[in-house]
Amino acid sequence: MTQHVTITINGQPYAADIEPRLLLVHFIREVANLTGTHIGCDTTSCGACTVLVNGTPAKSCTLFAVQVDGAEISTVEGLEQGGKLHPIQEGFFEEHGLQCGFCTPGMMMTSVAFLKDNPNPTDEEIRRAISGNLCRCTGYVNIVKSIQYAAKKMREEQAAPTQAPTVTEAEAVR
């Protein structure tokens, strides 16, 4: 028995007839062929599989794909836009927020949602926000710095005045 689902991932719709027991993480990796979402523990303990479901962080190893039929899913592959890294990606690069990189996609997705709700977090608030995402390599110090970097950059981008196109005198006369 199969069920037809359509799931939008990073703005791209994916439709498939799937077994109702197919986990979202497997749909993302095997149907959409997006392998940035990692399979870690299959028990919601590590957070490596965290994606955004309609903007809310969710551990895709414990959601059935049929549960999110019609939903908008965001994965780490969708962060970069138009050849430009998302501030959280830039932060992890600039502040050395990763070592092996296995937890990084889940950390980034959790952080993106967190920073949307809290654009000026304290270190303690960041640590609480990422507490459902385990990193076995770091002491979290650089991960927190990476998220602070992204928060600052996002605030600066938000505050930057939008420049109106300039019109030359010759163009104005036309």
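Do we have residue 52 as surrounded by 14 or more Cβ atoms within 10 Å (Cβ to Cβ), at pLDDT 95 or above and under 30 Å from residue 139 (Cα atoms) here?
yes
What residue, among those in segment 103-129 that are in contact (Cβ under 8 Å) with a residue 60 or more places away in the chain and surrounded by 17 or more Cβ atoms within 10 Å (Cβ to Cβ), is farthest from residue 158 (Cα to Cα)?
Among them, the one singled out is 103.
Note down all Cβ pairs under 8 Å where the first residue falls in segment 134-146 and is over 19 Å from residue 45 (Cβ atoms), the second is among the aromatic types (Phe, Trp, Tyr), and they're at least six residues apart or on different chains.
146/92
Let me confirm something: among 60, 74, which residue is surrounded by 20 or more Cβ atoms within 10 Å (Cβ to Cβ) and over 11 Å from the mean Cα position of the chain (by Cα)?
Unique residue meeting the criteria: 60.
This table checks each residue for (1) farther than 27 Å from residue 136 by Cβ; (2) at pLDDT below 95; (3) of a type in the set (Ser, Thr, Tyr); (4) assigned to a loop (DSSP other than H, G, I, E, B).
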position	(1), (2), (3), (4)
8	yes, no, yes, no
17	yes, no, no, no
25	no, no, no, no
29	no, no, no, no
35	no, no, yes, yes
39	no, no, no, yes
47	no, no, no, yes
57	no, no, no, no
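So, in segment 45-89, exactly how many residues are free of Cβ contacts under 8 Å to residues at least 40 places away in the same chain and touching a strand residue (DSSP E or B) at 6+ places or on another chain (Cβ under 8 Å)?
6
The values are calculated or read from the model by the stated rules, or taken from the named source; none is laboratory data. From a predicted model like this one, the values you see are computed outputs, not experimental measurements. Neighbour counts are summed over all protein chains in view; Cβ atoms, including those assigned to glycine, are modelled from backbone coordinates with ideal geometry.
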